[in-house]
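Below you'll find the structure, written out as structure tokens, and then a few comments.
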Amino acid sequence: MKAVVTVMLKNGVLDPQGKAIGQALSGLGFDGVGEVRAGKVIEVELAETDPAKAQAAAEEMARKLLANTVIESFKVEIAA
Amino acid sequence: MKAVVTVMLKNGVLDPQGKAIGQALSGLGFDGVGEVRAGKVIEVELAETDPAKAQAAAEEMARKLLANTVIESFKVEIAA
Amino acid sequence: MARDVNQALAREFGLSADEYQRVLEIMGRTPSLTELGIFSVMWSEHCSYKSSRVWLKTLPTKAPWVIHGPGENAGVVDIGEGLAAVFKMESHNHPSFIEPYQGAATGVGGILRDVFTMGARPIANLNALRFGDPKLARTKRIVDGVVRGIGGYGNCVGVPTVGGEINFHPAYNGNPLVNAMTVGIADKTKIFLSAAAGIGNPVVYVGSKTGRDGIHGATMASAEFGKDAEEKRPTVQVGDPFVEKLLIEACLELMATDAIVAIQDMGAAGLTSSSVEMAGKGGVGIELELDHVPQRETGMSAYEMMLSESQERMLMVLRPDRQEVARAIFEKWELDFAVIGHLTETGRIVIKHKGQVEADIPLDPLAEQAPLYHRPTEETPKQARLGPVADTAGLGPALRTLMGCPDLCSRRWVWEQYDYTIGGQTVKRPGAADAAIVKLEGRTRALALTTDCTPRYVLADPEVGGAQAVAEAWRNITATGALPLAITDNMNFANPEKPRIMGQFAASIRGMSAACTALDFPVVSGNVSLYNETEGRPILPTPAIGGLGVLEDAAQAVGYGLTPGLSLVLVGATEGWLGQSLWLREIAGREEGAPPPVDLAAERRNGDFVRGEILAGRVAACHDVADGGLLVAVAEMALAGDTGATLERGGDAAYWYGEDQGRYVLATTDAAGVLARAQAAGVPARLLGSTGGALLTLPDGDTISLAELRRLHEAFLPAWMDGRAS
Amino acid sequence: MKAGIVVFPGINRERDMAIALERSAGHAPRMVWHRESDLSGLDLVVIPGGFSYGDYLRCGAMAAQSPIMGAIRAHAARGGHVLGVCNGFQILIEAGLLPGALLRNQGLRFLAMDCHLKVERADTDFTRHYQQGEVFRAPMAHGDGNYFAAPETLDRLEGEGRVIFRYATPTGEITPEANRNGSQRNIAGIASENLRVLGLMPHPEDLVDPLMGGEDGKPLFDSICAALAA
Ligand SMILES: Nc1ncnc2c1ncn2[C@@H]1O[C@H](COP(=O)(O)OP(=O)(O)O)[C@@H](O)[C@H]1O
Ligand SMILES: [Mg+2]
């Protein structure tokens, strides 16, 4: 299975990259662009075949390594 | 609406970051970790209320700025 | 892969009909796809130097201190105390246009490997960059990517980027130049070469895995690949500086043992050129089993593996009894290590894959019958010497404009993205001296490093321009007090099949040769990049020069920053040569005239005099007079030292902005002594003024505060690139 | 004093650090490969700058998870001294030995330049050879040095006197212009509660010799060597 871990900065943590992207988009002439947040996505191929176990394993990976929970939150999705 | 743009390296393009993360996960004792790919996710708040138009705008943003289409591919999802 | 090998395919691979005929003769049969691939890359311009070789051979390459000249992965010179400097420059122009970040990054990675493959620890990187018109959005994107890429790679591998140069000109709009230079240090008795030896010895692959990166695009674009075409499309090479760092450490650790017989980086045309060159140079045969090549992707064919340009890989021939020692070192550094073949006595390269022989080529004819062209040349017509030009601007306004223009403004925005202090040996940083000064760890000895070329001179007169580029590199090293030893070059030109372009190349080489000989400054390595043109628009001919000099005591090095209470002395003759000057272009709006002549005898005499004064401790600061002329040189010295200057009255725009060659500005407490000694040595010199305060007082009495000058000088790049006032 | 420099794959300022330590201590430190687990006998453990694991994912994240961090934690718990510079600071933070986080520089560019640091406390083992409030110059070279922590954490750090260095002007003012990477409250270096674990972004080790352009960084190494001189 594949686990897709999305890691975003928590609310309240300054996101200079998101801000810069937002400014650049407006500069390119895109209208109506509001807040922009930039994050990371990590796709992990897993040998595990049980979705629940895969989910648990990926969450554990996120807590231990993929996200820094001081500043980031994460979300795990399991795909076949 | 919110557009979520996910940008990944194209298949076949070396992903040094994914490779290093994969090795680190194995080193942490996670078993059965296969290929790991690292990408970016950019969430853009849009004033647009028509999902189809939001989709088209976000794709345009991805092509113009968010993704480097020489080496990256992207995917757009629209959330309410 | 179901492609018939025939002349049409050979043509797609870049081989001419004659060249393909020669392949058929050598092989005595129709080559396999893999064989054709090997011939095409080995006989490509990049690997065979078929258009340039006849001219390169005429460059002076010898001196008592040259240990290895051109022909090895990098040049090697004796720098004293049992040490050697190993250095080379290489281009990554085309990849940097396609993908600026990765193109520049992998350019840095590639030149680093050329240096550490010889047993040297890299201690400094430099670069020479040319970009298009700053008014174009595309130029901005390329500058951003290239600068980030050079920093991203160099900073991560931990080699300081200490110098470089940047020009802007519309001729580079569709074809930027990214030339990267690396300098390394080795024990001069422990230089590693690439000639394979020892029949039966193992051929070992180390580093990253092989993917389909950068495989010659022509074949891949064809329809035969069907629906998986997208998957198999050649991909841009992505650099992994982390792996490169591990590779440096692992290779240097292995080089401290006696395991290595020969070693070569996998650069352009990866496994093909490294295996062919190692076996060819050693006069042995080589057999590879591609099944053992570490692979990143599945289903790769022999053709793909042989042509892949995946980065961060090396090929070695080891002593068989040291194989396990070597394996342990690479495993410690978590790098792939695979025995992929052995040396044979057949004189052939044999490639096996999945039980099949995919290629079997005799090595001698592959090398010896490689095409060699004496392409027709056409001389660039001499430009008339520029007549008098009226100065409608005045000295002060011109200075304000020039100090802020893209070609003369501060490069701080660039170098602040490069780690230039890492290693703890950087004695003169970017912006402090005419050449970067990097000390040798644990010693007082230091190297002086610079890159130089003035393409507008080369366009106007390729021979003068070629000589000028070498002379300027020599002058920049001299201006720090160091003794210039040798150069590397990167010959960037347009399409050599056009006689005018080939004529530029030939004339540049003539000029370079004359300067190298007159200045005892031989060429020890280099690179040629041709076909730099887009839609028929050629780049300016750009023979970039990377110079290296040595200083016995780093403490003797001088920079160009002024301090108060000094006299300024100009060394060298000033005629007021405005032809091809920046003043003419930026102030008068004209690009014309003959470029300033280079008098090599005067160059040498003036430089030797200046170096002598510096080493005698009589000079507090020194700057060569280059782009922009004398007044710009003085203004740069004032800004670097945050100290003003008052210039003596007199002189017109031609005097203060002319770009006459062979000149230096010295700041000294002993002007009378300097002038007397100059006169005795037959060197023209005159008092220019004195230093102090926070103003620059111009020869016409006008004044400019350093604060204003600094604002103008620092504004352009941050404002252009980041929309930020400096 | 026995110092050890921990080398993770991708670390690249270990030689600079060794030069600085040797200049102050008079003898060379020990290089400790990241797979070793024995730090016994060391008074000072130093994690130098560089790009451990390529700085991929997050700077310092992977090194912080490596087995030797257990030994470094134990050393700190025993009251041992630890110094983390640049990537070393990022690793200490990722390992939880120091609080907060280091984000991308504001402006999103790598910054290689001299900065000025104001010494907020000259009474620690790392800073005694400076004067209280003294300003010294140090090269910085990083892409992710933007110090961040929740307001409570910042207040606690300040309250406990654990902010050791701040980015300042050459004359000691704490201004936004002096704070190029955008760190909260201009924080450049912080210490643990017992003041024995110090992390900072700039590189005092690259300014310990007149030939490097000055000796502004040397007092830091003189301080720790004197404090730990046996
Ligand atoms: N313009 C030049 N001037 C002098 N030597 C050159 C020049 N171009 C190439 N060489 C030399 O030719 C050899 C092959 O260079 P190159 O093909 O760039 O090496 P690599 O295979 O490492 O890329 C090297 O020894 C190089 O120094
Ligand atoms: Mg090479």
- For C:R537 and C:E591 in the same chain, what is the full-extension length gain: residue separation times 0.36 nm, less their Cα-Cα distance, in nm? 17.7 nm
- Message: Relative contact order of chain C, please, whole-number percent, based on alpha carbon pairs below 8 angstrom and at least 6 residues apart.
- Response: 14 percent
- Item | Cα centroid separation - region C:296-366 against region D:188-226, whole Å | 47 Å
- So for R0 = 56 Å, FRET eff. of D:E134-C:K354 from the Cβ-Cβ r, to 0.05, ends up at 0.20
- May I ask you to derive the relative contact order of region C:573-726, considering only C-alpha pairs under 8 Å and at least 6 residues apart, and to give it as an integer percent? 28 percent
- Between C:E648 and A:K64, what is the spin-label point distance in nm, taking each point 7 Å from the Cα along the Cα→C-beta axis? 7.6 nm
- What whole number of Å gives the distance from the Cα centroid of region C:418-450 to the Cα centroid of region A:1-30? 39 Å
- Task: Loop only per DSSP, at most 12 neighbouring Cβ atoms within 10 Å: give me the trypsin sites (Lys or Arg not before Pro) in region C:319-357, ordered by residue number.
- Result: C:K354
- Give the value in nm², to one decimal: projected area of the alpha carbon convex hull of the protein assembly as shown, averaged over all directions. 43.2 nm²
- Percent of alpha carbon pairs in chain C separated by more than 35 Å? 44 percent
- With no solvent and one equal point scatterer placed on each C-alpha of chain D, evaluate the Debye formula and give log10 I(q)/I(0) for q = 0.12 Å⁻¹, two decimals. -0.56
- Item | Computed P(r) (all Cα pairs; region D:1-129; 10 Å bins; percent) | 12, 43, 36, 9, 0
- Task: Report the net charge of residues surrounding C:N175, where surrounding means a beta-carbon distance below 14 angstrom and charges are Lys +1, Arg +1, Asp -1, Glu -1.
- Result: 0
- Compactness of region B:2-79, expressed as Rg and Dmax over alpha-carbon positions, Å: 15.5, 47
- Note on the structure: Per the helix-only model, chain C has a calculated mean residue ellipticity at 222 nm (DSSP H runs of ≥4, -39500 (n - 2.57) each, divided over all residues, rounded to the nearest 500) of -10500 deg cm²/dmol
- Message: Once you order the gyration tensor axes a ≥ b ≥ c over the Cα atoms, which shape class does region C:534-583 get: rounded for a/c under 1.5, otherwise prolate or oblate by comparing a/b with b/c?
- Response: oblate
- Can you tell me the FRET efficiency between C:E345 and C:E497 if r is taken as the Cβ-Cβ distance and R0 is 51 Å, rounded to the nearest 0.05? 0.80
- Query: Just the Cα atoms of region C:30-87: what Rg and Dmax do they give in Å?
  - Reply: 16.7, 55
- Item | Cα centroid separation - region D:104-131 against region C:541-567, whole Å | 30 Å
- Query: Averaged over A:27-38, how many beta carbons belonging to a partner chain fall within 10 Å of each residue's beta carbon?
  - Reply: 6
- Under a plain spin-label model, where a point goes 7 Å from the Cα along Cα-to-Cβ, how far apart in nm are C:Q369 and C:A601? 5.1 nm
- Query: Using a Förster distance of 30 Å, how high is the FRET efficiency between C:A672 and C:E708, based on the Cβ-Cβ distance and rounded to 0.05?
  - Reply: 0.35
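Counting only other residues whose beta carbon sits under 13 Å from that of C:G503, what net charge do I get with K and R as +1, D and E as -1?
0
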- In chain D, which longest range has no trypsin sites (Lys or Arg not before Pro) that are both DSSP loop (not H, G, I, E or B) and surrounded by at most 12 other Cβ atoms within 10 Å? D:79-230
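What does the charge add up to near C:P362, with Lys and Arg as +1, Asp and Glu as -1, over the other residues with Cβ less than 12 Å from its Cβ? Working shown, then result.
On the way: positive: C:R348; negative: C:E25, C:E35, C:D360, C:D364, C:E368.
Net of charged neighbours comes to -4.
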- Which residue, chosen from C:L290, C:T534, C:V427, occupies the Cα position most advanced towards the positive end of the dipole of the protein assembly as shown, where the dipole is computed from +1 (Lys, Arg) and -1 (Asp, Glu) charges on Cβ about the Cα centre? C:V427
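Taking all pairs of distinct Cα atoms, average 1/r, flip it, and tell me the Kirkwood hydrodynamic radius of region C:65-170 in Å to one decimal place.
Here the Kirkwood hydrodynamic radius works out to 14.7 Å.
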- Query: What ranking do A:49-55, B:35-41 get when scored by the average of other Cβ atoms within 10 Å per residue, highest first?
  - Reply: B:35-41, A:49-55
- Report the residue, chosen from D:E152, D:E14, D:E120, that carries the largest GNM mean-square fluctuation when chain D is represented by alpha-carbon nodes joined by springs under 10 Å. D:E152
- Message: Restricting to DSSP H runs of at least four residues, report the calculated mean residue ellipticity at 222 nm for chain D, -39500 (n - 2.57) per run over all residues, nearest 500 deg cm²/dmol.
- Response: -6500 deg cm²/dmol
- Note on the structure: Excluding residues fewer than 8 positions from D:K218 in its own chain, the lysines with Cα under 25 Å of it are C:K428, C:K439, D:K2, D:K118
- Note on the structure: Cα-Cα longer than 29 Å, checked against B:K2/C:K135; A:K40/B:K64; A:K10/C:K140; A:K64/C:K140, kept in input order, equals B:K2/C:K135; A:K10/C:K140; A:K64/C:K140
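Every read-out reported here was derived from the displayed coordinates using simple, explicitly stated rules and does not represent laboratory data. It should be emphasised that the depicted structure is a prediction, and the values quoted were computed from it without experimental measurement. Don't worry about glycine lacking a Cβ; one is built from the backbone with ideal geometry, like all the others, and counts go over all protein chains shown.
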